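First up is the structure itself, then whatever we jot down about it.
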Amino acid sequence: MHFTIQREALLKPLQLVAGVVERRQTLPVLSNVLISVQGTQLSLTGTDLEVELIGRVTLQDSAGDGEITVPARKLMDICKSLPSDASIDIKLDDQKLLVKSGRSRFSLSTLPANDFPSVEEGPGSLQFVLPQAKVRRLIERTSFAMAQQDVRYYLNGMLLEVSAGQLRAVATDGHRLAMCTLQAAIEQSDRHQVIVPRKGILELARLMSDQDGEVNIVVGQHHVRATTGEFTFTSKLVDGKFPDYERVLPRGGDKLVTGDRQALREAFSRTSILSNEKYRGIRLSLESELLKIQANNPEQEEAEEEVAVDYQGGSLEIGFNVSYLLDVLGVMTCDQVRLTLSDANSSALVQEADNDDSAYVVMPMRL
């Protein structure tokens, strides 16, 4: 195996693939990247056994096919440290990978390609093509609500629900829920649900960088796979049952509040400074055309804000974790936001005033 490549062409896929590779590994080969050359196609593969990413580059010329694994971080750091217009010569010589560029010489240790694990191919049951920008938006709108290290392991990921004409993403940590629906050309008669683990979801969002590009998604029984011209990404699925999110969506809320998203976000942000650092509770008091926001903490400090809102209804007092409200307002892009409330013990439904493709549920707090 022997090939020459420009630094920039190698660095882009190498950085993507190295992002999947874990620093601390039980198996030494898992901290390596698999380099494979077939004809003029160079592929780089990284995996942590849960997520696998293959980056592809077309070479100008190459001499000899072959494959080998080398330490991912070291190879990436070498590439990064070379001048941006450098040409890199890579050659496999007697179980060492020789990397040359200009007057620089590096010799890297290798492990055989046969030791490198591959994510088993399962039969793909569903396949569809979507714009990358829309998939990224779907994930960005919902991923913040995923649990981080919940014992209910199925919450440490995102539900992807495929049905006729749409793809829906749902995430919840038990205190709040985020849902976003994307209209898509999907021919699927019944609803199909899979749970993608947290790392897989965040990695997938990172890869959706081509504003005008498309991605081919295959949902199998145990894996989800996303493919573009430059890479193939595979993630294992979480084996578990996601809660019935439709039961969580509040129905019949009769108190409709519409307000300026940025004004509310700034008011919540200022009030949160004096909220209890552990529980982050704030109190919302609604009156006609006015929302009052209050916070206090164990040091007897208090904050109060008033925001003009569009509301004609009875007065209501309700408590929330301010972080949850700020997270929701942070991923929205609209000018006006709509809150639907019913009483002090019921969850709030937060949506964009002019767009129903996203919905957010936030449970109330007792203050």
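Which trypsin sites (Lys or Arg not before Pro) from region 114-160 combine a DSSP loop assignment with at most 15 other Cβ atoms within 10 Å?
On the way: sites: Lys134, Arg136, Arg137, Arg141, Arg152; in loops: Arg152.
Sparse-neighbourhood loop trypsin sites (Lys or Arg not before Pro): Arg152.
Relative contact order for the chain using alpha-carbon pairs under 8 Å, separation at least 6, rounded to a whole percent? List each step's numbers first, then the result.
Details: 854 pairs, mean separation 46.9, N = 367.
Computed over the chain, the figure is 13 percent.
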(request) May I ask for the equivalent-ellipsoid semi-axes of region 240-326, computed as the square root of five times each C-alpha gyration tensor eigenvalue and listed largest first in whole Å? (result) 24, 20, 12
(request) Could you tell me how many degrees, from 0 to 90 and to the nearest 10, lie between the Cα long axis of helix 132-142 and the main elongation axis, the longest principal axis, of the Cα atoms of the chain? (result) 50 degrees
(request) Determine, from the Cβ-Cβ distance of Glu299 and Asp343 and an R0 of 30 Å, the FRET efficiency 1/(1 + (r/R0)^6), rounded to the nearest 0.05. (result) 0.45
(request) Counting only C-alpha contacts under 8 Å and six or more residues apart, can you give the relative contact order of region 326-367 as a whole percent? (result) 32 percent
(message) On C-alpha positions alone, give me the angle between the axis of helix 198-207 and the longest principal axis of the chain, in degrees, nearest 10.
(response) 70 degrees
(message) I need the GluC sites (Glu not before Pro) found in region 70-155, filtered to DSSP loop residues with at most 15 other beta carbons within 10 Å of theirs.
(response) Glu120, Glu121
(request) Calculate the spin-label point distance for His2 paired with Asp150, positioning each point 7 Å from the Cα along the beta-carbon direction, and give it in nanometres. (result) 5.6 nm
(request) Only helical DSSP H runs with n ≥ 4 go in: add -39500 (n - 2.57) per run for the chain, normalise by residue count and round the 222 nm mean residue ellipticity to 500 deg cm²/dmol. (result) -5500 deg cm²/dmol
(request) Give me the number: length gained by fully extending Lys80 to Glu306, i.e. 0.36 nm times residue separation minus the C-alpha to C-alpha distance, one decimal in nm. (result) 76.3 nm
(message) For the chain, what does the accessible surface come to per residue with a 1.4 Å probe? Please give it in Å².
(response) 49 Å²
(request) For region 148-225, state which GluC sites (Glu not before Pro) are in a DSSP loop and have at most 13 other beta carbons lying within 10 Å of their beta carbon. (result) Glu187
(request) Could you work out the equivalent-ellipsoid semi-axes for the chain, taking the square root of 5 times each eigenvalue of the Cα gyration tensor, largest first, in whole Å? (result) 48, 23, 18
(request) Describe numerically, in nm with one decimal, the distance between label points set 7 Å from Cα along Cα→Cβ at Ala133 and at Ser288. (result) 4.5 nm
(message) Let me check the size of region 290-367 from its C-alpha atoms; what are the radius of gyration and Dmax in Å?
(response) 13.3, 42
(request) Assign one of three labels to region 163-224, namely rounded, prolate or oblate, based on the Cα gyration tensor with a ≥ b ≥ c the square roots of its eigenvalues; rounded applies when a/c is under 1.5, prolate when it is not and a/b is larger than b/c, and oblate otherwise. (result) rounded
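The values are calculated or read from the model by the stated rules, or taken from the named source; none is laboratory data. Since this is a predicted model, take the numbers as computed values, not measurements. In this analysis, Cβ positions are derived from the backbone assuming ideal geometry, glycine residues included, and neighbour counts consider all displayed protein chains. Remember, those area values only see protein heavy atoms, side chains included, never the ligands or the DNA or RNA. Shrake-Rupley method; radii C 1.70, N 1.55, O 1.52, S 1.80 Å.
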